[in-house]
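Trainee: Please read through the structure below; I'll follow up with questions.
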C-alpha cells in the first residue's frame, strides 16, 4: 500500500497538472530585475542561457557569503549546462527483451521492442531517465516538460499544457510508452493500450526519496535493469556529494538557516498555492540547508495561499517556477499582486528565486544539478 506521504505527493502532482492546463501561458517578462536593500547581491538576475549553452557557474565556482540573509535581490537558479550528457550511464545499452513487468497500477505489461520510445509525464523526469539510461536515440517524441538540449528537436505529443494528443502519439508509432497519472487524459492512455502499444504506468511520486525507485522502474520496463542499478548508484552518490557540499556552506544553527517557502503561481488563472510538507518541495528545501516554513506552519501537501499563512511563515526566500513568475509580471508584479509577500523578509529584500518549471521539482537524473544550481542562487555571489 502506498504511504500517506506518497499519496499526498501524488495528489500534488495531479493537482498541478490541472492547474497547469488551466493557467499555463506566460504573462509579461521582466522576471529578474535587480533590486533590494544594500548588501550582497544575488548570483544571477538575468535569466538562463539558451538551450544547450553553458548557463551558470556551479557551486564550486562561487564564493558563499557568511550570512545568506544579507543577500538582496531576485535570482534565477540556472543549471551549469542544459545538456543531460553527463548523466548518461551507458552509451551502448543492450536491452534484454522481451521483459514483463507489473506496473504501478498492478497491470502486467510485456515489452518486446524499445526501438521507438515515448516517456511522458508532467515533470519531464521520465524522458530524462530514458536518456540517462543511454536509450535517448530511441525516443521519438516528447511532452512539453521535456526541456533538455538533446530532446529539443523531438516532436511534442502534448498540447494545451499537459494534455496528451492521441493523434500525435499514434503518428509516431511508438513501440512502448512509459508514463504516469500526472498527465492525461486517461482515456488517451487507454486508447494507446487498445491500439496494442505496451503502456507502462510508473508512480507519479516525485521526491528525493523516489529518485532511485523511479529510475529502476523505467530501466526494468526497458530491459536494461543492470544499467538502472548503475544509474541509481551514480545518482545516489551525486546527490549525497552535492548535499554535503551544500551543508558545508549553509548555516548550521537552526536560528541562522534560511527560511524558505515554495509558492506555485499562475497569475493569469489567479492560482497561488503554498507547497508544504509531503509535497516534494519540503525535501528540496531541507536538502538545500533551509527550513521549510510551510511545513513548520502545519501545511501539508499543497494549500491555497492566504495572506495570513504568508505572514505567519515569514520566509527569507520564496521559491517559484520561472513561468509562474513571468505570469505575474516578474518580481514587481508578484509583490503588487500579493502584498502580503512584501511584508515578509523575502519581500522586503526581494529575495525571490525562480527556476525552470521542468527542472525545479523534476526529481530524477538532473536532481544533483538542480540542487547545485539552487544552492548557488541561495548562498553564492560572484
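Bear in mind that the values in this text are calculations on the coordinates, not laboratory data. Computed from a prediction, not measured in an experiment: that's the story for all the values here. A quick note on method: Cβ atoms are made from the backbone with ideal geometry, for glycine too, and the neighbour counts reach across all protein chains shown.
Trainee: Beyond 16 Å, what share of the Cα-Cα pairs of region 207-246 remains, rounded to the nearest whole percent?
Mentor: Counting every Cα pair in region 207-246, those more than 16 Å apart make up 35 percent.
Trainee: Remind me, relative contact order of region 85-234 in percent, using alpha carbon pairs under 8 angstrom and six or more residues apart? All intermediate terms of the calculation are to be shown ahead of the outcome.
Mentor: Values: 270 pairs, mean separation 40.7, N = 150.
Reported as a whole number, the value is 27 percent.
Trainee: What would the Debye equation give as log₁₀ I(q)/I(0) for region 295-364 at q = 0.12, 0.13, 0.29 Å⁻¹, counting only Cα atoms as equal point scatterers?
Mentor: Treating every Cα as an identical point scatterer, log10 I(q)/I(0) equals -0.32, -0.38, -1.35.
Trainee: With the cut-off at 1.5 for a/c, could you classify region 247-382 from its C-alpha gyration tensor as rounded, prolate or oblate?
Mentor: Note, shape of region 247-382 comes out rounded.
Trainee: Once the Cα gyration tensor of region 85-234 is found, what semi-axes does its equivalent ellipsoid get, as square roots of 5 times the eigenvalues, in whole Å, sorted largest first?
Mentor: Listed largest to smallest, the semi-axes of region 85-234 are 21, 17, 15 Å.
Trainee: Quick one: go through region 255-279 and flag any residue whose amide nitrogen is under 17 Å from the point 7 Å out along the Cα-to-Cβ line of residue 348.
Mentor: Once the point is set 7 Å along Cα→Cβ of residue 348, 256-261 turn out to lie under 17 Å by backbone N, inside region 255-279.
Trainee: For 227, 143, what's the fewest-to-most ordering of other Cβ within 10 Å of each Cβ?
Mentor: 227, 143
Trainee: For a quick check: sort 75, 225 by the number of other beta carbons within 10 angstrom, fewest at the front.
Mentor: So the ranking, lowest neighbour count to highest, is 225, 75.
Trainee: What is the order of 145, 207, 297, fewest Cβ neighbours within 10 Å to most?
Mentor: 297, 207, 145
Trainee: So, one more: How many nm separate the modelled label positions at residue 230 and residue 105, each set 7 Å beyond the Cα in the direction of the Cβ?
Mentor: 3.3 nm
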